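A.B. asks: My structure is below; once you've seen it, I'll send some questions.
The values are calculated or read from the model by the stated rules, or taken from the named source; none is laboratory data. Just so we're clear, the structure is a prediction, and the values are computed from it rather than from any experiment. Note that each Cβ is placed from the backbone with ideal geometry, even for glycine, and that neighbours are counted across all protein chains shown. Ligands, DNA and RNA are stripped out before the accessible areas are found, and what is left, the full protein with its side chains, is counted by its heavy atoms. Shrake-Rupley method; radii C 1.70, N 1.55, O 1.52, S 1.80 Å.
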Amino acid sequence: MLYPDNGNAPSPNIEMPDAVKKIYLEACSIYQKSPRGAAALLRLGIQMLCKELGESGVNINNDIKNLVKNGLPEIVQKSLDIVRVTGNDAVHPGQIDTDDPNTVASLFELTNIVVQYMITLPKQVGLLYDALPEDKTQAISKRDTPQ
């Protein structure tokens, strides 16, 4: 089967922003042919995802720092940094073997984990919370307001 050419990479999270998904799918299409190229594209996708999350998108390291300052869970920070560092080493040779398809396969998973934590879960929890009775949400708000 020649189309779609996903290189056996996992499908993108359904909530992945379109601009990020476009880069993710491009990485999928070259994954088996060029794991290093796929790693570099996934790093670009993470930088674009940071922008989608309200950061500047200019410096991925600063974007992650700001997200951490604003309460980014540690597991998401680590996922972002793994993709960032591995993607950087794909174009600036370092100690990470970005020619190994297994290493790069984990980057696809981590990208989906970031989307899951930062977009999918907040959306799902928000919908459930919004369905609570108004008197219950007011009591919660009162409980959480400093006296």
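A.B. asks: Once you sort the root eigenvalues of the Cα gyration tensor of the stretch 6-45 as a ≥ b ≥ c, which label holds: rounded (a/c under 1.5), prolate (a/b larger than b/c) or oblate (the other case)?
C.D. replies: The shape class here is oblate.
A.B. asks: Straight-line reach from Lys21: which lysines fall under 25 Å, measuring Cα to Cα and dropping same-chain residues less than 8 apart?
C.D. replies: Output for Lys21: Lys33, Lys51, Lys65, Lys78, Lys123.
A.B. asks: In addition: Taking loop as defined by DSSP and a crowding limit of 13 other beta carbons within 10 Å, which chymotrypsin sites (Phe, Trp or Tyr not before Pro) in the stretch 41-147 fit?
C.D. replies: none
A.B. asks: How do Ile60, Ile75 stack up against each other in accessible area, from largest to smallest, with a 1.4 angstrom probe?
C.D. replies: Output order, biggest surface exposure first: Ile75, Ile60.
A.B. asks: Excluding Asn70 itself, calculate the net charge of residues whose Cβ lies under 13 Å from the Cβ of Asn70, where each Lys or Arg counts +1 and each Asp or Glu counts -1.
C.D. replies: Around Asn70, the surrounding residues sum to 0.
A.B. asks: Related question: Under a plain spin-label model, where a point goes 7 Å from the Cα along Cα-to-Cβ, how far apart in nm are Lys22 and Asn61?
C.D. replies: Roughly 2.8 nm, to one decimal.
A.B. asks: Between 0 and 90 degrees, rounded to the nearest ten: what's the tilt of helix 60-69 against the longest Cα principal axis of the chain?
C.D. replies: 20 degrees
A.B. asks: Quickly estimate the mean residue ellipticity at 222 nm for the chain, helices only: each DSSP H run with n ≥ 4 gives -39500 (n - 2.57), and the total goes over all residues, rounded to 500.
C.D. replies: Dividing the helical sum by the residues of the chain leaves -20500 deg cm²/dmol.
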